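Student: I'd like to ask you about the structure that follows.
What follows is calculated from the coordinates using simple rules that are stated; it is not laboratory data. Since the model is a prediction, treat every value here as computed from it, not as a measurement. Cβ coordinates were reconstructed from backbone atoms using ideal geometry, including for glycine residues, and neighbour counts include every protein chain displayed.
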Amino acid sequence: MSDLPIDLEPGLAERLSRALDVEGKLPRALDTLGPVKDRDVILVDGAGEMRARQLTELGARVTLVESNGPTRFDAPHGSADVVVAFWSAFRDGALDQVGQARRLLRPGGRLLVVHDYGRDDVAGLRGELPEHSTWSRRDGPFLSQGFKVRVVHCWWTFETHEAARDFLAAAFGSAGEELAGRLTRPRLSYNLAIYHRTFGEAQA
C-alpha cells in the first residue's frame, strides 16, 4: 500500500503506478523538504520498491522498516537523518508512530509524511475521507502537533482518453465511468500533502 494511494489488484496497480505523478513532482518535493541526497533515510512500508527506488535515485541511503507487526520501526536509535512514509503509516497523526520516528532521527532530523490532500478529481472517486478535510486543518492531527504542510499538485496521467476510461471503470466502477465522461484531457488532478517536521537541534 505504501507505493500507491489505494489497494488495487496487480494489473490495475501496475497501470496506476505508470500514470501516477509522471512528472516526478513528489520525489522532488521530498528532496526539497528533507533533503534526502547523501543522507540516511528510513522508508516506512516501502516493500513495493517504487518509492525506495525513487529515493535512491535522489541519492538517499535507504533503509526499510515496517509500521505493523512485531518488528515495526525496527532500526537503531538515532540512525536516520530523514524518515519518510507514504499513506499507510502515521494515519491521523498516530502519536505512537511519531514517537518512534523521533527515536530513529538524529538531532535536526526530518519526518516527512505523505497523505492525500483532496480538493481534486481523485477525491471524488474515493468518497469522504478524513485526509481530505480534518487532517489538514490547524486543529487537525498534524498541524496541531507542530507539523507544517506542503501541498504538491500532481496528476494521474494516461496516454489516451480511452486508457483513462478503461482504468477508471475497472478500478472505480460507475463513479469512475462518470468522471471519465467529464474529462477534457486524459488525466486526473491529484493533490498530495507532505506533512513535515524537524526534531531536535542539529549539531553545530
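Student: Roughly what % of Cα-Cα distances in region 1-70 sit above 16 Å, to the whole percent?
Tutor: Result: 51 percent of Cα pairs exceed 16 Å.
Student: Using alpha-carbon pairs under 8 Å, 6+ residues apart, how would you state the relative contact order of the chain in percent? Could you put the intermediate results ahead of the total?
Tutor: Values: 383 pairs, mean separation 48.1, N = 204.
Once divided by the residue count of the chain, the mean separation gives 24 percent.
Student: Here is a further query. Work out the FRET efficiency for residue 166 and residue 64 from their Cβ-Cβ distance, taking R0 = 35 Å, and round it to the nearest 0.05. Spell out each step's value before the answer.
Tutor: Numbers: r = 33 Å, r/R0 = 0.95.
Efficiency, rounded to the nearest 0.05: 0.60.
Student: Also: Can you give the % of DSSP beta bridges in the chain that are antiparallel, to the nearest 5?
Tutor: Roughly 55 percent of the DSSP beta bridges within the chain come out antiparallel.
Student: How big is the charge dipole of region 13-153 about its Cα centre, in debye rounded to the nearest 20, if each Lys and Arg gets +1 on its Cβ and each Asp and Glu gets -1 on its Cβ? Don't skip to the end; give the middle numbers.
Tutor: Working: 21 positive and 20 negative charges, 83 e Å.
Result for region 13-153 is approximately 400 debye, rounded to the nearest 20.
Student: Working from the alpha-carbon coordinates of region 112-201, get Rg over Rh, Rh being the Kirkwood radius.
Tutor: That ratio is 1.09, to two decimals.
Student: Related question: Which is the longest stretch in the chain that no exposed loop site breaks, taking sites as GluC sites (Glu not before Pro) with a DSSP loop state and at most 14 other Cβ atoms within 10 Å?
Tutor: Working: sites that count: 23, 49, 128, 159, 201.
Result, exposed sites excluded: 50-127.
Student: Can you tally the net charge around residue 143? Count Lys and Arg as +1, Asp and Glu as -1, for every other residue whose Cβ sits under 11 Å from the Cβ of residue 143.
Tutor: Computed value for this residue: +3.
Student: Further question: Taking K and R as +1 and D and E as -1, what net charge do the other residues with C-beta under 15 Å from the C-beta of residue 124 add up to? Mind dumping the intermediate values first?
Tutor: On the way: positive: 119, 126, 182, 187; negative: 116, 120, 121, 128, 131, 177, 178.
With Lys, Arg at +1 and Asp, Glu at -1, the net is -3.
Student: Using a Förster distance of 22 angstrom, determine the FRET efficiency expected from the C-beta separation of residue 56 and residue 126, and round it to 0.05.
Tutor: So the FRET efficiency works out to roughly 0.15.
Student: For the chain, how big is Rg over Rh, using alpha carbon atoms and the Kirkwood form of Rh?
Tutor: Working: Rg = 17.3 Å, Rh = 17.6 Å.
My calculation of the ratio gives 0.98.
Student: Sticking with this one: Which one of 82, 95, 132 is farthest out on the positive end of the charge dipole of region 79-154, using unit charges on Cβ (Lys, Arg +1; Asp, Glu -1) and the Cα centre as origin?
Tutor: 82
Student: Also, I was wondering about something else. What is the dipole size for region 156-204, taken about its Cα centre, with +1 at each Lys and Arg Cβ and -1 at each Asp and Glu Cβ, in debye to the nearest 20?
Tutor: Numbers: 5 positive and 6 negative charges, 32 e Å.
Roughly 160 debye for region 156-204.
Student: With a 10 Å cut-off between alpha carbons and a GNM built on the chain, which of 163, 180, 89 moves the most?
Tutor: Looking only at 163, 180, 89, the biggest GNM fluctuation is shown by 163.
Student: Between beta-carbons, use under 10 Å as the cut-off and find the net charge around residue 198, counting Lys and Arg +1, Asp and Glu -1.
Tutor: Within the 10 Å Cβ shell, the charges total +2.
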